[in-house]
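Scroll down for the structure; my scribbles are underneath it.
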Amino acid sequence: MVEKKQSYDASQIQVLKGLEAVRKRPAMYIGDVSIRGLHHLVYEVIDNSIDEALAGYCDEIKVFLNNDGSVTVSDNGRGIPVDIHPEQQRSALEIVMTILHAGGKFDKKAYKVSGGLHGVGVSVVNALSEFLVAEVARDGKVYQQKYERGVPVTPVKIVGRRKRNGTSVTFIPDAEIFKRRKFSFEVLAERLRELAFLNNTIKLCIIDNQSGRQEEFKYKGGLASFIEFLDQGRNPIVRKPIYINAERESVPVEIALSYNDGYSENLFSYVNNIHTIEGGTHLVGFKTALTRSLNNFALKNKLLKNGEANLSGDDVREGLTAVISVKVAEPQFEGQTKTRLGNSEVRGIVETIVNEGLAKEFEKNSSTARKIIDKCKTAARSREAARKARELTRRKSALESDTLPGKLADCTLQETHRTEIFIVEGDSAGGSAKQGRDRRFQAILPLRGKILNVEKSSIDRMLSNEEIRTLISALGTGIGRSEFDISRLRYGKVIIMTDADVDGAHIRTLLLTFFFRHLRPIIEQGHLYIAQPPLYLIKKAKEAIYVYDDEEKETLLKEIEKTGREKIEMQRYKGLGEMNPDQLWNTTMDPKNRTLLQVTIEEAFVADHIFSTLMGDNVEPRRKFIEENAQYVRNLDV
Ligand code: 0RA
C-alpha cells in the first residue's frame, strides 16, 4: 500500500515537472508561440487521429471552431484506452494527456509514422491550454476528463452512452502563452486539404460554428488529385498525372507527377505527412531516377542524336509538378528548420521504385514519354541560350568594371549584417525614400512599373529583362544554378516597399514570385522582408497618429468618440509618394518605429498554388491572394 502511494506521488511529480518544462519553454516544443505555434497545437491533436487512421481504425476526422474560441478535434477511431494502468494507478487516458511522450507507449505494435514536426504529443497541447476536455467513446460509454493548464481537475468520469467509438479533444490555448488566439479557418482548412491529399482513405472536415462555414476534404485520387489541384492554373502536356505507389524494405513510397507548358519546377516532398521543405534523401532519390529514366528512354528510342548531350536534371524538371510522399519508421530530420530527411537508406529505396515505375509507365505509354522528352530538349536549348546571354553580360560588365546600376542609391557601410536595401515601386516614392533614408546603412532601388512575370517566362527571356538585371546586380548574388551565391548578397535585409493599394500588392506578388522561384535561399535564410507603410494619418488637436490597418483605425476612432469632442482630421495614404521624406522615414523606414514583416517559405506549397493561380487572368484568385498574403509573412522587428 505504502509503495503504491509512493509511485503515485512520483508520477504526479513527473507530470508537474513535465508541464513546467513545457510552459517555461513552449517554443522548444511547438516551434514558437506566434500564430503559427497556435495552429501547431491543432495539428498536433489531428496527428494523433491520423495515426489511428493509418493503423486502420479511423476514417473520419473533424475540426470544429467553437464560439468560445476553443477548437475541437474528433475522430471515429477506437478511442484512447481508459483502463487503469497497473503501475501508475491511473487511467491510460490521463497518462496520455498528462505525461510527455506517453502517447506511443500504449500501442507499440502499431505502425506509427505520423506525428507533428516536433512529435511532442497531445500532453504538450494540454500543458499550453487554459482548459482542455478529452472525451472518449468506448464500449458503449462516453468517458470524460477535464484539465487546466495540463493538470487534471476531474477524474475520468462516465458522462453518457454512445454506440460509435471515437475520441474528441476540445481546448482553449492559454492566454498566458499565446498573445493571439484566433484560429484561422483558411490556415486549418489548407492543412486538412493537404492531409486529405496525402492520406486518401481519410475524410477531413472543418466546421466553423460561429459563421456556419464548413469544408470537407476527401480525395480518392490521393497524390494524383494533389497534382491536379497544384496545376489548376497551368496547361498540362500529359493527359493525366503519372502515379507510382510501391513499398520496399517497409518504406511505402507514393509519387505523382505531371508536366505543364510552363518553365518552373514544382516539387513537394513529404515524410510522414510532414512537408520536407529542405528536401533530403527521398527527394535526391527521386531526382536521380527521373533524370536517369528519361535519358534511358531517349537513348533507347534514338530521341537524342549521337553526340548530343544528355538531358540535365534542370532540363527534366522544367515544367514539372511532382509530389513525393514516403513513410519512414524512424525519420532523422536535419537542416535549419529540421525539414530535411537524413536517412541514407531512403535514397536507394526511392530511386529503385521510381526507376521501375517510370520504365513500366513509359513502356505502356510511349507517346507521353516522347512529349516529355520533347519538352526537356526545348528546355536544354533555352538553357544553352541563357548561358550564352549570361556570358555576354558578364563580359560586358567586366568591361564596365563591376559597376552597380545607376538607379541604385547605395549605402556607405560595408558590413552586410547591418545594411538594408529597399526595393521601391516607382520613381517618385523612390525619391522620397532616398531623401528620407539613413544613407549609412540603407540603400534604395526604385523599380519602374511592373516587373516581368517570371512564372511565365523562360530563363533566357527573364535574364534579358532590364528591371530583373538591375535587381540582380544590386543584390550581388548572381542568378541560376551555377552563378547564384548567397554569400555575395550585399545586404542583410532586402525590403520590399510598395504602395498599400492593389497595384502595390500586385508588384509585391510579382517580386515574391521572383524571389521564391529564383532566389529562394534569400527567403529561406530570412533576408526578405515587407515594409508596412501606414494606411492613415489621424490628426487630433496637435497630435499626429499613424494607423496601419483598418481594424486599428476603427478602434481608435471609437476611442476618440468616447473621450471627447476634439476635431479630428483623417488622411488616407494611397501611395508612398504622398508622404514626405520625413514621414516615410518615421513611419516605415526607421528601425526604431517601423514594423517589418519577414517573409517565410514554410507555406511554400500554398504560396506556389496561389502564385500559379494568380498568373491567370482571373481577378478573384488575385484578390484572394492579396487578402491572404499575411499567411506566409511573419511579424517581426516590431
Ligand atoms: C493507444 C491505443 C489505442 C488507441 C489509441 C491510443 C488512440 C489514440 C488517439 C488519439 C486521438 N485519437 C485516438 N484514437 C486512438 C488502441 C486501444 C485498443 O486496443 O482499443
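Collect the residues in region 163-182 that are within 16 Å of the ligand (Cβ to nearest atom) and open to solvent by 30 Å² or more (accessible area, probe 1.4 Å), keeping them in residue-number order.
Within region 163-182, K163, R164, N165 meet the criteria.
Tally the residues that are free of Cβ contacts under 8 Å to residues at least 24 places away in the same chain and within 16 Å of the ligand (Cβ to nearest atom), restricting the search to region 140-162.
Total satisfying the criteria: 4.
Scan region 476-506 for residues that are under 15 Å from P533 (Cα atoms) and not polar (S, T, N, Q) and jot them down.
I495, I496, M497, D499, A500, D501, V502, D503, G504, A505
I'd like to check something: does region 512-532 contain any residue that is under 18 Å from I421 (Cα atoms), polar (S, T, N, Q) and open to solvent by 30 Å² or more (accessible area, probe 1.4 Å)?
yes
Are any residues in region 63-94 surrounded by fewer than 19 Cβ atoms within 10 Å (Cβ to Cβ), assigned to a loop (DSSP other than H, G, I, E, B) and at negative phi, and if so, which ones?
Scanning region 63-94 gives N66, N67, D68, R78, P81, D83, P86, E87.
Give the residues of region 569-604 that are under 19 Å from Y536 (Cβ atoms), open to solvent by less than 50 Å² (accessible area, probe 1.4 Å) and assigned to a loop (DSSP other than H, G, I, E, B), sorted by residue number.
Residues satisfying the conditions are Y573, G575, M579, D590, R594, T595.
Among the residues of region 405-430, write down those that are farther than 20 Å from I486 by Cα and in contact (Cβ under 8 Å) with a residue 12 or more places away in the chain.
K407, A409, T412, V424, E425, G426, D427, S428, A429, G430
Filter region 142-162 for residues that are open to solvent by 80 Å² or more (accessible area, probe 1.4 Å) and not in a strand (DSSP E or B); which is nearest to D83 (Cα to Cα)?
Only one residue tops the list, namely P155.
Output the residues belonging to region 47-61 that are outside any helix (DSSP H, G or I), within 12 Å of the ligand (Cβ to nearest atom) and closer than 24 Å to N209 by Cα.
C58, E60, I61
For region 32-46, which positions are part of a helix (DSSP H, G or I), more than 14 Å from the ligand (Cβ to nearest atom) and open to solvent by 40 Å² or more (accessible area, probe 1.4 Å)?
Selection gives I35, R36.
Looking at region 239-262 only, could you name the residues that are open to solvent by less than 10 Å² (accessible area, probe 1.4 Å) and more than 25 Å from N343 (Cα to Cα)?
I242, S258, Y259, N260, listed by residue number.
Out of all the residues in region 100-124, which are within 11 Å of the ligand (Cβ to nearest atom), modelled with pLDDT of 75 or more and either in contact with a Leu (Cβ under 8 Å, 6 or more places away or on another chain) or part of a loop (DSSP other than H, G, I, E, B) (or both)?
Result: G121, single match.
Scan region 281-297 and tell me whether some residue there is without any contact (Cβ under 8 Å) to a residue 40 or more places away in the chain, out of contact with any Leu (no Cβ under 7 Å at 6 or more places or on another chain) and in a loop (DSSP other than H, G, I, E, B).
no
With the requirement that a residue be modelled with pLDDT under 70 and open to solvent by 90 Å² or more (accessible area, probe 1.4 Å), what does region 393-422 give you?
Scanning region 393-422 gives R394, R395, K396, L399, E400, D402.
Would you please list the contacts, defined by Cβ atoms under 6 Å and residues six or more apart or on different chains, that run from a residue in region 70-84 that is closer than 23 Å to F178 by Cα to a residue that is at pLDDT 95 or above and near the ligand (Cβ under 8 Å from one of its atoms)?
From residues that are closer than 23 Å to F178 by Cα, the pairs are V73/V45; V73/V169.
The values are calculated or read from the model by the stated rules, or taken from the named source; none is laboratory data. The structure displayed is predicted, hence computed values, not measured ones. Please note: Cβ atoms are built from the backbone with ideal geometry, for glycine as well, and neighbour counts cover all protein chains shown. Accessible surface areas use protein heavy atoms only, side chains included; no ligands, DNA or RNA. Shrake-Rupley method; radii C 1.70, N 1.55, O 1.52, S 1.80 Å.
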